[in-house]
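For reference, the structure discussed in these notes is given below.
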């Protein structure tokens with residue numbers, strides 16, 4: 001490991017979080033922090049790392065985009081034949097991580113995963129740009145392909161196929177919702193005395209606990 005990596009560090013100067021200022025509802029607290037990330041003009045503040053594992057415990061992470069969030073959970077979309085989808089079919093649990101480095105903040109969400117309704121998936125699909133709709137048809141996500149030309153040729157074929165008609169949603173494409181059991185809010189602190197607050201679901205309410213950094 002290069003010695004220069006040892007010296008890569010920065011101290012955080014944000015004032016400590018006062019627990020009494022946190023919202024009692026983690027979804028409201030998420031919305032507050034998310035809007036602050038948007039106001040800070042962070043590139044794609046809805047980008048989140050999705051962690052899944054298969055039935056044998058093999059773990060994988062990738063970046064997906066949050067497309068809906070409410071008291072039911074956090075929604076993303078994908079191909080139902082993708083690696084992540086195969087993982088979720090055998091182990092319907094996942095973790096999400098939002099990392100907003102300019103704000104020295106992150107949010108970790110962990111919980112069960114469920115497919116959203118076909119109607120919800122269709123509504124979102126129809127709101128997408130035409131190129132993105134075609135892309136959902138082109139990509140057999142996570143499959144091995146011979147070259148990029150395979151994709152571009154298929155894109156051209158589908159562009160011609162749908163030239164005079166609306167683009168329909170592929171049957172193997174749709175959304176998942178992560179239903180949180182815990183939501184943790186982290187903010188960097190001076191001398192590595194970071195603030196960590198974990199919301200844990202307890203029946204119909206949430207318990208808030210401060211965690212040691």
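The values are calculated or read from the model by the stated rules, or taken from the named source; none is laboratory data. This structure is a prediction, so every number in the text was calculated from the model and none was measured. Ideal geometry is used to build each Cβ from the backbone, glycine not excepted, and the neighbour counts take in all protein chains shown.
General remarks:
- The residues in the stretch 152-196 that are in a helix (DSSP H, G or I) and either crowded, with 19+ Cβ neighbours inside 10 Å or under 16 Å from the mean Cα position of the chain (by Cα) (or both) can be counted, and the count is 0.
- The residues on offer are 47, 110, 94, 37, and the sole one that is surrounded by 14 or more Cβ atoms within 10 Å (Cβ to Cβ), free of Cβ contacts under 8 Å to residues at least 60 places away in the same chain and touching a strand residue (DSSP E or B) at 6+ places or on another chain (Cβ under 8 Å) is 47.
- Test result for residue 24, surrounded by 10 or more Cβ atoms within 10 Å (Cβ to Cβ), touching a strand residue (DSSP E or B) at 6+ places or on another chain (Cβ under 8 Å) and closer than 30 Å to residue 89 by Cα: no
- Only one of the listed residues (104, 52) is under 25 Å from residue 186 (Cβ atoms) and in contact with a helix residue (DSSP H, G or I) (Cβ under 8 Å, 6 or more places away or on another chain). That residue is 52.
- For the stretch 198-207, the candidate set comprises residues that are surrounded by 15 or more Cβ atoms within 10 Å (Cβ to Cβ) and out of contact with any helix residue (DSSP H, G or I) (no Cβ under 7 Å at 6 or more places or on another chain); within that set, the residue that is modelled with the lowest pLDDT is 201.
- The requirement of being in contact with a helix residue (DSSP H, G or I) (Cβ under 8 Å, 6 or more places away or on another chain) and either in a strand (DSSP E or B) or modelled with pLDDT under 95 (or both) is not satisfied by residue 144.
- Of all the numbered requirements in (1) surrounded by 14 or more Cβ atoms within 10 Å (Cβ to Cβ); (2) farther than 25 Å from residue 117 by Cβ; (3) out of contact with any strand residue (DSSP E or B) (no Cβ under 8 Å at 6 or more places or on another chain), residue 55 misses one, and that requirement is (1).
- Taken over the stretch 69-83, the residue count meeting the criterion of being closer than 25 Å to residue 200 by Cβ, without any contact (Cβ under 8 Å) to a residue 60 or more places away in the chain and surrounded by 13 or more Cβ atoms within 10 Å (Cβ to Cβ) is 1.
- The set of residues in the stretch 2-26 that are in a helix (DSSP H, G or I) and without any contact (Cβ under 8 Å) to a residue 60 or more places away in the chain comprises 3, 4, 5, 6, 20, 21.
- Index of the failed condition, residue 105 passing every other in (1) touching a residue at least 40 places away in the same chain (Cβ under 8 Å); (2) over 19 Å from residue 175 (Cα atoms); (3) surrounded by fewer than 18 Cβ atoms within 10 Å (Cβ to Cβ): (3)
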